[in-house]
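What follows is a short report on a single structure.
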Amino acid sequence: SWAAALLKRNPQFKSLDWTDVQAFRTILPSPGGVLTSIRDPTNPDATTSSSSSASVSADQLDSQEALQAYNTDWLKLYRGQAPVVLFPETTAHVAAILRYCQEHRLAVVPQGGNTCVTGASVPVFDELILNLAKLNRVRQFDPVGGVLVSDAGCILQNLEAYVEPRGFTMPLDLAAKGSCQIGGNVATNAGGVHFLKYGSLHGSVLGLEVVLPSGEVMDLLSTLRKDSTGYDLKQLFIGAEGTLGVITGVALQTAPFLPVAVLLGLNSYKQALDTYALAQKHIYQNLSAFEFWDRECFNYLLESGANAPSEPFASTYPYYILVESSSSDEDQNQESLSKFLDILLQNKLMGDGTISFDQSQFNRLWAYRESIPSAVLRHPSLAYDLTLDYPHFYQVVEVLRDRLRQMGLYDGYKGRGNVQAIAGLGHFGDGNIHVCVVAKDLNKEVFEAVEPFIYEWAAERGGSISAEHGLGILKAPYLHYTRSEVVIRTMRQIKTVFDPHGIMNPYKVLT
Ligand code: FAD
């Protein structure tokens, strides 16, 4: 990436060597604990790793290929050169590893499911990767209060599968749920499709267990909803992107959940605005998701291959909306959503619509929305994650299309220009739009046509340059568009308190 190319390796960080590998093997003696390409200098032909991680097949052991998977981000925009990936199984392992790393000035990148789209989860240079996949146990669940305590490496979808039969749902849901981990979700302050109802993780995370770079375990793992005893330090780790410490345990407030969904095809952006206003009026307390995408997204979805859902309506629409309502009374829930559809029909607010009457229909409707990010972003893309107020929410896509058209880079969806699409989708109810710029050749010309223009445009309208994806390396240089000098200086001071040697996820968030 262009941003990473401008950075220089901090010479204060030690390079990993065979002595370090041996030390890590002592901390993690079980098979699969250490994956490395570093060789024993006294016996260079010998096998170099005890790794047999579940996610690394036997024939991949020690190969560069296995390391590459952990060194490369989901968008394939960033590639680090970490020669070591560690897989701790307990909080004590993490503590021992960080203590060693701080003592030897080894830089560390905590890694969850590696699904983030800002380059935050992979090294910039040769930083050690600390992958949390094996720290994956549910610790406890309170069926009365709905409080779940788990290890940070639990995959979000697995936690949903754990609480769902108990009548609860996780307070967040996102299309990467099959891979992302709850620790990664907390570290990025992930939003997702249910933010509208359950709010930010700053509210639903009740407690955290965090290992500091010193190796000390900071036990903030409260399961209490109310606790007004001084500074709420756990909040600092929510959205810190692994720059302050490693999250090893999470206590979360889950919620009862009986949802129904309706998919709408709309003819204008104005219809989306009016539909949202009516949803607020008629299903406000049950409204749990209000998702939006445009035709360019939908085109990619339909083209995305055999597993893509087929067209839900007889014709395509310029805009689509997925509305979800959830309540503890199933019948009342169905009824209120059907009534909502009638109101939309009376007001001529939709081109077409379909409602879910059972779980399989519900899943099918959500499959449209959840398949879109992968369908679009499997093409070379720049992806933006903005919060904007409603007059500007979709305007940003139109403004960008006009700009790139004038520059001769864009000529409509899959037109003659290098830029093949400028697609918009997002969590409409949160004012959060994802803008995807897809190009045949994702070159510097495209990058410079979009950045920093898009951040300036959003900042001038009071928007946020990162609604829910964090900053990582991709957006770190643009932090000043959203945060003042005083705020950034205070962030730096906080970083120094927790991480005086700067070993935690360097080059990210604060440049
Ligand atoms: P990673 O990508 O592995 O890491 C992300 C950051 O967290 C890194 O800085 C890493 O160092 C740090 N980190 C990870 N684990 C820990 C830990 N235990 N302790 C300390 N730091 C840690 N995001 C949304 O908010 N909403 C969406 O709707 C959404 N949809 C997505 C859809 C798709 C298809 C994809 C690919 C991504 C989507 N994302 C979305 C982005 C991404 O899934 C989230 O940012 C997610 O929270 C990252 O979790 P992860 O476990 O993959 O973390």
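Within the group TYR269, TYR231, which residue is in the same structural domain as LEU345 (by TED's automatic domain parsing) and surrounded by fewer than 21 Cβ atoms within 10 Å (Cβ to Cβ)? Give the derivation first.
Values: TYR231 fails: in the same structural domain as LEU345 (by TED's automatic domain parsing).
None of the other options fit; the residue is TYR269.
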request  = For the range 192-199, indicate whether the set of residues that are surrounded by fewer than 20 Cβ atoms within 10 Å (Cβ to Cβ), free of Cβ contacts under 8 Å to residues at least 24 places away in the same chain and within 15 Å of the ligand (Cβ to nearest atom) is non-empty.
outcome  = no
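With more than 30 Å from HIS434 (Cα to Cα), modelled with pLDDT under 95 and more than 12 Å from the ligand (Cβ to nearest atom) as the only criterion, which of VAL149, VAL84, VAL144 stands out? Spell out how you get there, then give the answer.
Details: VAL149 fails: modelled with pLDDT under 95; VAL84 fails: modelled with pLDDT under 95.
None of the others qualify; the one that does is VAL144.
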ask   = Does ARG369 qualify as being in a helix (DSSP H, G or I), of a type in the set (Lys, Arg) and touching a residue at least 24 places away in the same chain (Cβ under 8 Å)?
value = yes
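Residue by residue through the range 203-216, note down the ones that are at negative phi and away from the ligand (no atom under 13 Å from the Cβ). If you could, list the steps in order and put the result at the bottom.
Here is the first cut: in the range 203-216, the ones at negative phi are 203-214, 216.
Within the range 203-216, GLY203, SER204, LEU206, GLY207, SER214, GLU216 meet the criteria.
So if I check each of ILE454, ILE465, which one is within 16 Å of the ligand (Cβ to nearest atom), surrounded by 16 or more Cβ atoms within 10 Å (Cβ to Cβ) and in the same structural domain as LEU388 (by TED's automatic domain parsing)? Spell out the reasoning first.
Numbers: ILE454 fails: within 16 Å of the ligand (Cβ to nearest atom).
Result: ILE465 is the single residue among ILE454, ILE465 that is within 16 Å of the ligand (Cβ to nearest atom), surrounded by 16 or more Cβ atoms within 10 Å (Cβ to Cβ) and in the same structural domain as LEU388 (by TED's automatic domain parsing).
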query = Condition test on LEU322, is it surrounded by fewer than 17 Cβ atoms within 10 Å (Cβ to Cβ) and under 17 Å from ALA272 (Cβ atoms)?
reply = no
message = Let me spell it out: the conditions are (1) more than 13 Å from the ligand (Cβ to nearest atom); (2) in contact with a Cys (Cβ under 9 Å, 6 or more places away or on another chain); (3) hydroxyl-bearing (Ser, Thr, Tyr), and THR188 meets all of them except one. Which number is the exception?
response = (1)
request  = Take the residues in the range 336-376 that are surrounded by 15 or more Cβ atoms within 10 Å (Cβ to Cβ) and acidic (Asp, Glu), then tell me which one is nearest to PHE298 (Cα to Cα).
outcome  = GLU370
message = Six or more apart or on different chains, Cβ atoms under 7 Å: show the pairs whose first residue is in the range 349-365 and at pLDDT below 90 and whose second is of a type in the set (Asp, Glu).
response = LEU349/ASP274
note = Sole miss for GLY305 among (1) more than 16 Å from the ligand (Cβ to nearest atom); (2) over 22 Å from ALA279 (Cα atoms); (3) free of Cβ contacts under 8 Å to residues at least 60 places away in the same chain; (4) not in a helix (DSSP H, G or I) is condition (1)
ask   = Residues in the range 385-400: is at least one surrounded by 19 or more Cβ atoms within 10 Å (Cβ to Cβ), in a strand (DSSP E or B), in contact (Cβ under 8 Å) with a residue 24 or more places away in the chain and in contact with a helix residue (DSSP H, G or I) (Cβ under 8 Å, 6 or more places away or on another chain)?
value = yes
query = Within the set of pairs 6 or more residues apart or between chains, which connect a residue that is closer than 21 Å to PHE298 by Cα and modelled with pLDDT of 95 or more inside the range 401-414 to a residue that is part of a helix (DSSP H, G or I) and among the hydroxyl-bearing types (Ser, Thr, Tyr) with Cβ atoms less than 8 Å apart?
reply = none
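The values are calculated or read from the model by the stated rules, or taken from the named source; none is laboratory data. The shown structure was predicted, so the numbers you read here are calculated from the model rather than taken from an experiment. Note that each Cβ is placed from the backbone with ideal geometry, even for glycine, and that neighbours are counted across all protein chains shown.
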